[in-house]
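The values are calculated or read from the model by the stated rules, or taken from the named source; none is laboratory data. Given the structure is predicted, the values throughout are model-derived calculations rather than measurements. FYI the Cβ positions are ideal-geometry reconstructions off the backbone, even for glycines, and counts take in every protein chain you see. The protein model used for the area step is the full one, side chains on, heavy atoms only, and it has no ligands, DNA or RNA in it. Shrake-Rupley method; radii C 1.70, N 1.55, O 1.52, S 1.80 Å.
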There are 2 protein chains.
Amino acid sequence: MKLRVVISTAFILAFFVSFAQENNHQRTASSEKGLLKITVMYPFSEGKTFDMTYYETKHMPMVADIIGANLVKYTIEKGLASGIPNQPLSYMAIGTFYVRNLQEYQSAIAPHRETIRTDITKYTNVAPVILISEVVR
Amino acid sequence: MKLRVVISTAFILAFFVSFAQENNHQRTASSEKGLLKITVMYPFSEGKTFDMTYYETKHMPMVADIIGANLVKYTIEKGLASGIPNQPLSYMAIGTFYVRNLQEYQSAIAPHRETIRTDITKYTNVAPVILISEVVR
């Protein structure tokens, strides 16, 4: 009898913990709606190079550290092709940062701008295009 | 005594459920790594317009339906500013589709290309730039 009480109590509690976490998970994973996004795009053209390994293992983690707790997540993608036939590849690579607060992001980056700029020359010979956007969905 | 056993068992179980789900959460939410991404970018320039409401409520859901089960998720963002001082805004809006299989995406889109093109004229007067990329992180 004691065992049955223990087991049923444990199951009931586990169910509620599971339910609460599932809800939390869906809220976090569903979308980045409302966040600010900084997109750093590296245009492709003849003679331009991009070292994805350096970018992924050194540059992006460094910038993520500089942004700090305001950073929700960052992403990296590798350009493969233009989606329109007979058009050249637009970007070799794109990196993005999702942040809660744009002003905080700018204050965090400002004192490190020179360090970041110098580091960019270690993995590419192209100047990135940067876009600040709001996540609608 | 019985109560103490019940409570401690429940707590131990709850801890393990919580731990297992936390791990699972991090795995699912961490990234879309390995997926293919189609990014549709609408360049900004003088006189160009973009109807975000139509895009969000009509166009994107329509294309999402056409892509079907191969679509993992889609996103919409609104361009706010260039991230580089004194540079014009690069894109007014960006829509993306994350898919598992690129060939399947292309086969799904092909018979509807004309419908999609006609629909684009309902929310913008600019031709989008399209990039196909691989999610690295």
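Report the residue count in segment B:81-115 for those that are assigned to a strand (DSSP E or B) and out of contact with any helix residue (DSSP H, G or I) (no Cβ under 7 Å at 6 or more places or on another chain).
7
Look at A:Lys78 and say whether it is basic (Lys, Arg), modelled with pLDDT of 95 or more and either out of contact with any helix residue (DSSP H, G or I) (no Cβ under 9 Å at 6 or more places or on another chain) or within 18 Å of B:Val135 (Cα to Cα) (or both).
Judged against the criteria, A:Lys78 is a match.
Mind checking whether some residue in segment A:60-80 is acidic (Asp, Glu), exposed (fewer than 13 other Cβ atoms within 10 Å of the Cβ) and not in a strand (DSSP E or B)?
So far as segment A:60-80 goes, yes, one or more of its residues are acidic (Asp, Glu), exposed (fewer than 13 other Cβ atoms within 10 Å of the Cβ) and not in a strand (DSSP E or B).
Out of segment A:95-137, which residues are under 16 Å from the mean Cα position of the chain (by Cα) and open to solvent by 50 Å² or more (accessible area, probe 1.4 Å)?
Answer for segment A:95-137, where residues must be under 16 Å from the mean Cα position of the chain (by Cα) and open to solvent by 50 Å² or more (accessible area, probe 1.4 Å): A:Arg100, A:Asn101, A:Glu134, A:Arg137.
Here are some conditions: (1) of a type in the set (A, V, I, L, M); (2) farther than 26 Å from B:Ser31 by Cβ; (3) within 13 Å of another protein chain (Cβ to nearest Cβ). B:Val72 meets all but one. Which one does it not meet?
Here B:Val72 clears every test but (2).
If A:Ser82 satisfies all but one of (1) more than 9 Å from every other protein chain (Cβ to nearest Cβ); (2) under 23 Å from B:Tyr91 (Cα atoms), what's the number of the condition it fails?
The number of the failed condition is (1).
With the structure loaded, tell me whether B:Tyr54 is of a type in the set (Ser, Thr, Tyr) and under 20 Å from A:Ser82 (Cα atoms) or whether it fails that test.
Numbers: of a type in the set (Ser, Thr, Tyr): yes; under 20 Å from A:Ser82 (Cα atoms): no.
So B:Tyr54 does not fit the description; no.
What number of residues within segment A:33-54 satisfy the criterion of being open to solvent by 70 Å² or more (accessible area, probe 1.4 Å) and touching a helix residue (DSSP H, G or I) at 6+ places or on another chain (Cβ under 9 Å)? Spell out how you get there, then give the answer.
Pass one, segment A:33-54, residues open to solvent by 70 Å² or more (accessible area, probe 1.4 Å): A:33, A:44, A:46, A:48-49, A:53.
Adding the requirement that they be touching a helix residue (DSSP H, G or I) at 6+ places or on another chain (Cβ under 9 Å) leaves none.
Total meeting the criteria: 0.
Can you tell me which residues in segment A:85-137 are in contact (Cβ under 8 Å) with a residue 24 or more places away in the chain, under 15 Å from A:Asn70 (Cβ atoms) and more than 9 Å from every other protein chain (Cβ to nearest Cβ)?
Listed by number, the residues that qualify are A:Thr96, A:Phe97, A:Tyr98, A:Val99, A:Arg100, A:Asn101, A:Glu104, A:Tyr105, A:Ala108, A:Ile109, A:His112.
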